[in-house]
Amino acid sequence: MPSDSTGHSGDASAAQQQFLSLFLRSEREIFRYVALLVPNVADAEDIVQQTALALWEKFDAYDRSQPFTPWACRFALNKAKQWIERRQRWLALLEGGLAEELAQRREELRPEMESRLKHLESCLGKLPEEQRSIVEGYYYRRDGIEKLAEHSGRTIAATYKNLQRIRQALQVCIENAAKGV
Amino acid sequence: MKIVFPSRDFDKTVAAACHGSASDEQARALNEVLRSDAAARDEYILRLEIHSRLASEPDLFALASEDKIATSEKILPLRPPRRGTDRKRTWVLALAACVTLLAAGWWGLQVSRQNEPKGTTSKAVAMLNRVVDAQWNQRDEAPRLGAPLEPGWLRLKSGLAQIVFYSGARVAIEGPTEFQLISPNEALCRSGKLTAEVPPEARGFRVDTPQMNVTDLGTSFGVDVKDRRTELHVFKGTVEFQPTGSTVRQNLKEGTGAMTESSRPPKLIAADPKAFASLFDLQLKSTAAELLRHERWRASAGRLNEDPSLLVHFDFEQTDTSEWRLRNASGRKNVAPDATIVGCQWTEGRWPDKHALEFRSVNDRVRFDVPGEYESLTLAAWVRVQGLDRQINSLFMSDGFEAGTVHWSVRQDGVLALTAIGSEPREYQICTSPPALTLNQFGLWVHLAVVIDGSAGQVAHYLNGIPASEHALKIKPPFRVGVAELGNWNAKGFPRNDPFMIRNFGGAMDEFCLFGRALNENEIRALYSAGKPQPDAAAELKTN
């Protein structure tokens, strides 16, 4: 397990520990940064993996006086672009400088989004059981759409549609909560 | 295709992007609207943020679940196993190969924190299910039949043995074999011969040999390790193998196999079931015997359900394991309705095709309500104890401390305890057996029963059909159940954080009976005999 204490075991292992500790703390944020460009969860995770390896290779060059996450996100952006270049569909989605534009706009929107997203947990708690179970299956258990469809007795298309509706309901809920409705 | 914002098309296309199912055409149209319309862009960013938070913040789910239980007693599958964890671990291992330090990633951390064991917990990963003329070459004492097996070496000199991993995988080995148990889903074979049968829930079961790593992708294979050579035979389904030191994985289909010698590249061979005949025979006999036991128990359970004093009978036989209701199979189910499963995980019961519920987290429980007053009560359950982590580990407890209710539990030291609560304030009686459940019974299915006989003024504890202790009962009937839980306790207003008040059970249950009368010793023994996982003497098969 990584820990913040640099131990007995020399420079290399101290650096490893430091890297892992920094990386694990930033990983969720890096994931969300990547997911803005490549929203599909499994693909975004693959890109985060590749980013982790690239970060470790270049960890010597990291300036410890600077925050880790922005440094890591620059790598993530490069890795995401490399990944996108090999995939026609994602390339089409992000062409014309849209990737950079989205990433930048997300930074600007951050305070506003935080004020809404802090209600996400309580909104999840308000979902009816069936919806809650689907969203939990998809995002938390990572059950796979076929299994979720099978369990709910719906088609795959209907299950995707259902996920879309649930996210919409969550969005309405967090927006109302942020407005104090 | 052109998309405007806001529109249904926009909603649909954003969702398709999240699910990774957008077409090229949709991707192009989305790009256009996002570049030309600032409002669409902001909306897109927010929607993707919701999507990626859900995917990256497991806490959102765990915490919301606990809340719900505290406030509304809603039913939720808590902390289910995460598919994502496997993926995660693979890449972290790749990373670790670079940094040599193994980190489990935050998902891994999350999971390990939640399941952090406290107190006595069995480390067992498998059990020794059957043996035929087995001679062992163990450094310490030879493994006992039916005993839980902890990670470590099994050295079978001759004969046959079957090991059931807690993942559900069944491995038969033929002596001489040196076999190391690593985890519930992982083993190593240094030399010898084995067959593995892997049910769907144990998919990913892995056997390593000096020459290759074998990962089962469903059903059945054989491995033969001799000198510096490993043969892999796939009898059913698909198996993935990876020669040691190579990064290449290859899938082998049914009827094929592979052979590696020293470090030479693998050769493809045809699967030869004949070479594993004795092991198949053992697996077959064992499966057949278990199906038969299960069938016999079903028949007797059917008869039991007609007993008018049987208020609740959870047989855990329902086939739909996504179901949150636990069916009361008793003929008097109009007395007590079905129960609600909160959290818990479905797992294998006494027999491979029998279901059980596993209690692991502090929130796992089964809740039900039995109205009425009774002069006597009998409680009986088949349980597999995984660990006695709490001072008091609940088997069955009515909520709170209501007059006339009882709490049935196992204490940390293995003592069976029954607390009867009287009608006066602070009036209660605790009847405890001598330590009955010891470490070497952990991981095994045991039958526990307690009889609260109001008319004779007596309490009796039973373990596997045999009386464990008897006590004079001072609390007077009538007794009640009311709202009660299996595997946990709702303290109802008592401080939640007091460790003494946390009483969740660690283990599995695959049958529970509640009678509104006192059963006698013979009846308890009959319950045990009808349900015991395997006949006492027949487990050791003889070769013909």
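Summary of values
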item: Where Rh is the Kirkwood radius over Cα pairs, Rg/Rh for the protein assembly as shown; result: 1.00
item: Accessible-area order (highest first, 1.4 angstrom probe) of the listed residues B:Glu150, B:Glu424; result: B:Glu424, B:Glu150
item: Whichever aspartates and glutamates have a C-alpha closer than 12 Å to that of B:Lys157, once near sequence neighbours (fewer than 8 apart) are set aside; result: B:Asp133, B:Glu174, B:Glu178
item: Interface area, B with A, accessible, probe 1.4 Å, both sides summed, Å² nearest 100; result: 6900
item: Relative packing of B:38-50, A:165-177, which averages over residues the other C-beta atoms within 10 Å, highest first; result: B:38-50, A:165-177
item: Per residue, in Å², the accessible surface of chain A once ligands and nucleic acids are set aside, probe 1.4 Å; result: 47
item: Average projection area in nm² (convex hull over Cα atoms of the range A:126-181, one quarter of hull surface); result: 3.8
item: Estimated FRET transfer efficiency (A:Glu129, A:Asp60; beta-carbon r; R0 41 Å; 0.05); result: 0.20
item: Modelled FRET efficiency - R0 51 Å, B:Ser309 with A:Lys147, Cβ distances, 0.05 increments; result: 0.80
item: Karplus-derived 3J(HN,Hα), 6.51/-1.76/1.60, for each residue of the range B:394-401, Hz, glycine and proline x; result: 6, 8, 8, 8, 6, 4, x, 10
item: Highest average packing first - A:24-30, A:102-108, B:160-166, Cβ atoms within 10 Å; result: B:160-166, A:24-30, A:102-108
item: Label-point separation in nm, B:Glu470 to B:Ile182, each point 7 Å along Cα→Cβ; result: 5.3
item: Base-10 log of normalised Debye intensity for chain A (one unit scatterer per alpha-carbon) at q = 0.08, 0.10, 0.14 Å⁻¹; result: -0.35, -0.54, -0.98
item: Mean Cβ neighbour count within 10 Å, used as a protection proxy, ranking B:525-532, B:4-11 highest first; result: B:525-532, B:4-11
item: Relative contact order [Cα under 8 Å, 6+ residues apart], chain A, whole percent; result: 16
item: Calculated over the range B:178-314: convex hull of Cα atoms, volume per residue (Å³); result: 127
item: Residues of the range B:211-254 with amide N under 19 Å of a point placed 7 Å along Cα→Cβ from B:Ser262; result: B:211-212, B:225-231, B:243-246
item: Karplus-derived 3J(HN,Hα), 6.51/-1.76/1.60, for each residue of the range B:347-354, Hz, glycine and proline x; result: 8, 7, x, 4, 10, x, 9, 9
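The values are calculated or read from the model by the stated rules, or taken from the named source; none is laboratory data. As the structure is a computational prediction, the values presented were derived from the model and not from experiment. Methodologically, a virtual Cβ is constructed for each residue, glycine included, from the backbone with ideal geometry; neighbour enumeration extends over all protein chains shown. Heads up: the accessible areas ignore ligands, DNA and RNA and are worked out on the full protein's heavy atoms, side chains in. Shrake-Rupley method; radii C 1.70, N 1.55, O 1.52, S 1.80 Å.
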